[in-house]
Structure formats: C-alpha cells, structure tokens
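Student: Pasting in a structure now, in structure tokens, and then I'll have a few things to ask.
The values are calculated or read from the model by the stated rules, or taken from the named source; none is laboratory data. These numbers come from a predicted model, not from an experiment. Here the Cβ is made from the backbone with ideal geometry for all residues, glycine too, and neighbour counts use every protein chain on show. Please note that ligands, DNA and RNA were not included when accessible areas were found on the heavy atoms of the full protein model with its side chains. Shrake-Rupley method; radii C 1.70, N 1.55, O 1.52, S 1.80 Å.
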Amino acid sequence: MGDPFDLTAGWVQEHLLIPVLYQFGLMNWEDVSYGWALFALYGAAQVAVTFAVCLPLERWRPVERWPDSDAVWVDAAYTVLSRVGVLPLVTYVLFYRAQVFVGGWMADRDLVSPTLEGLFPVLLGRQVATFVLYAVILDFADYWRHRLSHQFRWWWALHSLHHAQRQMTFWSDDRNHLVDDLISFVWFGFIALLIGVPPLQFPLLVLVLRFLESLSHANVRLSFGWVGDRVLISPRFHRAHHGVRAAGDRSCNYGAVLPWWDMLFGTADFAREYVETGDPSGDETLATGSYWQQQWAGLRRFGCVLRQRLARLRA
Ligand SMILES: [Zn+2]
Ligand SMILES: [Zn+2]
C-alpha cells in the first residue's frame, strides 16, 4: 500500500489533470502535474490541521467576539484558494521550472548553481539542519519584504488589504492583494533559488512556515511567555502588528515566524496588549467587501498612489 496522499495524487493526476492538460494542448506540463496534485493535497491537509488546531483555541480564549462574522468567510475563501490552488502551483510547479531554467543557463556557462551546502560544507549530509537554516533565511528575507511593504506608499496601498480586517482570525493570513502576493512570490522564489533550496523542499518549507503564520493571526489570548515570545511569534505578538493605531509605517513586529529580526532591528514591541485590529485609513470595501470588491479597491488605492507620484514627477 502506498501512502494515501500518493494514491490520491495519482488518481487526481490521471483523472483530472491529464485530461485537462491534453484538452488545452499543455501536455508539456504533464511531468509536473503529479507534484502539483500532491502539494495541493498537502495544502488541503494543512488547511484541515490549521482548522483543527486554531478553531478550539479561538473558542477557548477569544480576544474578541462579534455578533456576526460574515467578513471572516471571505478570509476563509482567501485561505483555501491560496493554500490548495495558488501556493502548490507557485512553490512547486513554477519554482521547479525556474530552477531547471536557471540550472541549465548556468551549466551552459560552466557555472555551478549556489547551494547552502556548497557555502557551508559542515551542512553536507545534515538534512534537518539544512532545512531549518533554509527556513531561517527565508524568514529573514520575509521580514524585510514585509517591513518595506509598510514603508513605500505604493506598496502599503496593496498591503493595507491585509490590515483592513477588523475581525482577525487564523483565516486572515492569506487575505492579500494578488499583486502583493505576486511580489512576495518573486521575492521568496528569488531568495530560494539563490540559496539553492531543492524543488521538493521549497513547498514543504512554505507549508510549515504558513501554518505558523496562520496561528499568529488567530483570535486568541495566547502568548508563549517571556522567553517563548522571543523565540517564536505568538498570536499576541502579531496582533500588535495589526493594531488600529499601528497601521502604515508606524507599525511594529514585522516578522512572520521568528521575532529575532524585529529584536535585532529595533522594531519589536512586546508590551502592546491585545489591541483592536484594522486600518481606519482604508476604504470600507477593503474590510468588508467580497473577494473581488476587495481586490478592486486595493487596485484603486494602488492606482491612486501611482497617479499622485506621477503628478509630482511632472510638476
Ligand atoms: Zn503588515
Ligand atoms: Zn498579518
């Protein structure tokens, strides 16, 4: 007996993906369709695990209770779409193709693709240590991506969609603007190529990191204690980042999984209590609109900033 993920992925590939790829003349994607199906299943399992862990926590000690929580349903849609659909496609299929392309390009020029083991031979044969180090480096890169997205006005126009939610729950991690997501994928993928993350490990890394990020958004009174909060980001720590008064470039706690970078670069705030979340400077549609209304409102805000910038350049 193979494992149930393998068997199901094989079934999905054979009965769903290959017929569709064949229909659209895309059979050159056949070789990656199995991996895609497998990581989509892992994504679905991750959503189930996140739900099973975070929902009881939110019921146990909620920070806030809302009379109706319709806005949360849109966040749930963001999560399923991202974890089952988009992330497996980007972190496995596109990343794999990008790595093959870069590897070929470098081989043609007699260059060797960079790897962490190449840089630090001590890591050779130590798979777990290497995997952890990849995660630490990617998290460091994500700290700077996130911090810059609060700094530049055009980027904040997009990222403010993530902050618009006043009913923050474990579903809120994936509520992002598509353009913001695209920038994140390019940023993350570039760093992963640079440090030579193997194609099968990249989607696994993203699965682990994003599970912890979901937990940090949960509507729960939970911190990991004085020491724990300085090791791993807790819901209390990330809530301070989403605080109403912290919107834009006055925020703190930019880290995704590790609080170390905030501590190192002076942006950590462990004192803020369980604050109210949201971004009062944004359009109401960004907070409570449907998926497409939110996307459109984010694009309008982005366009507005670009137009102001152009007008200033012309003046
Ligand atoms: Zn932010
Ligand atoms: Zn967040």
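Student: Counting only residues that are part of a helix (DSSP H, G or I), open to solvent by 70 Å² or more (accessible area, probe 1.4 Å) and of a type outside the set (D, E, K, R), how many does the stretch 278-296 have?
Tutor: Just the residues of the stretch 278-296 that are part of a helix (DSSP H, G or I), to begin with: 284-288, 291-296.
Now drop any that are not open to solvent by 70 Å² or more (accessible area, probe 1.4 Å), which leaves 284, 288, 292-293, 296.
Applying the additional criterion that residues be of a type outside the set (D, E, K, R) yields 288, 292-293, 296.
Final tally of qualifying residues: 4.
Student: Still on this structure: Tell me whether the stretch 135-152 contains one or more residues that are among the charged types (D, E, K, R) and closer than 30 Å to ARG312 by Cβ.
Tutor: yes
Student: Any idea which of VAL231, VAL275, VAL257 is in a loop (DSSP other than H, G, I, E, B), surrounded by fewer than 19 Cβ atoms within 10 Å (Cβ to Cβ) and within 14 Å of ligand 2 (Cβ to nearest atom)?
Tutor: VAL275
Student: Scan the stretch 143-197 residue by residue and report those that are without any contact (Cβ under 8 Å) to a residue 12 or more places away in the chain and more than 13 Å from ligand 1 (Cβ to nearest atom).
Tutor: Within the stretch 143-197, LEU182, VAL186, PHE190 meet the criteria.
Student: Can you spot a residue in the stretch 297-306 that is farther than 18 Å from SER172 by Cα, among the basic types (Lys, Arg) and outside any helix (DSSP H, G or I)?
Tutor: Looking for residues that are farther than 18 Å from SER172 by Cα, among the basic types (Lys, Arg) and outside any helix (DSSP H, G or I), one finds none in the stretch 297-306, hence no.
Student: I would also like to ask the following. Counting just the residues of the stretch 10-25 that are among the aliphatic types (A, V, I, L, M) and open to solvent by 70 Å² or more (accessible area, probe 1.4 Å), which one comes out nearest to ARG97 (Cα to Cα)?
Tutor: The extreme case among them is VAL20.
Student: Quick one: what pairs do we get from the stretch 240-261, first residue modelled with pLDDT under 95, second away from ligand 2 (no atom under 12 Å from the Cβ) and basic (Lys, Arg), C-beta under 7 Å, 6+ apart or different chains?
Tutor: ALA240/ARG272; GLY243/ARG272
Student: Another one. For the stretch 205-227, give me the residue count where each residue is open to solvent by 20 Å² or more (accessible area, probe 1.4 Å) and either of a type outside the set (Val, Ile, Thr) or not in a helix (DSSP H, G or I) (or both). If you could, list the steps in order and put the result at the bottom.
Tutor: Residues of the stretch 205-227 open to solvent by 20 Å² or more (accessible area, probe 1.4 Å): 207-208, 210-213, 215, 221-227.
Cutting the leftovers down to either of a type outside the set (Val, Ile, Thr) or not in a helix (DSSP H, G or I) (or both) gives us 207, 210-213, 215, 221-226.
Residues meeting the conditions: 12.
Student: Please go through the stretch 64-75 and pick out each residue that is open to solvent by less than 60 Å² (accessible area, probe 1.4 Å) and out of contact with any Asp or Glu (no Cβ under 9 Å at 6 or more places or on another chain).
Tutor: SER69, ALA71, VAL72, VAL74
Student: Let me ask something additional. What is the residue count in the stretch 234-249 for residues that are under 16 Å from HIS162 (Cβ atoms) and either charged (D, E, K, R) or open to solvent by 20 Å² or more (accessible area, probe 1.4 Å) (or both)?
Tutor: Selection size over the stretch 234-249: 3.
Student: Residues that are closer than 25 Å to SER223 by Cα and acidic (Asp, Glu), at least 1 per element: which helices (runs of 4 or more DSSP H) completely within the stretch 1-93 meet that?
Tutor: Because the criterion is at least 1 residues that are closer than 25 Å to SER223 by Cα and acidic (Asp, Glu), the helices (runs of 4 or more DSSP H) in the stretch 1-93 that meet it are 30-60, 70-80.
Student: Do we find a residue being within 16 Å of ligand 2 (Cβ to nearest atom), open to solvent by less than 20 Å² (accessible area, probe 1.4 Å) and of a type in the set (Val, Ile, Thr) anywhere in the stretch 120-131?
Tutor: Looking for residues that are within 16 Å of ligand 2 (Cβ to nearest atom), open to solvent by less than 20 Å² (accessible area, probe 1.4 Å) and of a type in the set (Val, Ile, Thr), one finds none in the stretch 120-131, hence no.
Student: May I ask you to list the residues in the stretch 149-164 that are hydrophobic (A, V, I, L, M, F, W, C) and either at positive phi or surrounded by 22 or more Cβ atoms within 10 Å (Cβ to Cβ) (or both)?
Tutor: Within the stretch 149-164, TRP156, ALA157, LEU158, LEU161, ALA164 meet the criteria.
Student: Here's another thing I want to ask about it. Would a scan of the stretch 185-204 turn up a residue that is touching a helix residue (DSSP H, G or I) at 6+ places or on another chain (Cβ under 7 Å), open to solvent by less than 40 Å² (accessible area, probe 1.4 Å) and under 29 Å from VAL63 (Cβ atoms)?
Tutor: Among the residues of the stretch 185-204, not one is touching a helix residue (DSSP H, G or I) at 6+ places or on another chain (Cβ under 7 Å), open to solvent by less than 40 Å² (accessible area, probe 1.4 Å) and under 29 Å from VAL63 (Cβ atoms), which makes the answer no.
Student: When only residues in the stretch 26-63 that are among the polar types (S, T, N, Q) and without any contact (Cβ under 8 Å) to a residue 60 or more places away in the chain count, which is surrounded by the fewest Cβ atoms within 10 Å (Cβ to Cβ)?
Tutor: ASN28
Student: Turning to a different aspect of this structure: What's the total number of residues in the stretch 170-201 that are within 11 Å of ligand 2 (Cβ to nearest atom) and polar (S, T, N, Q)?
Tutor: 2
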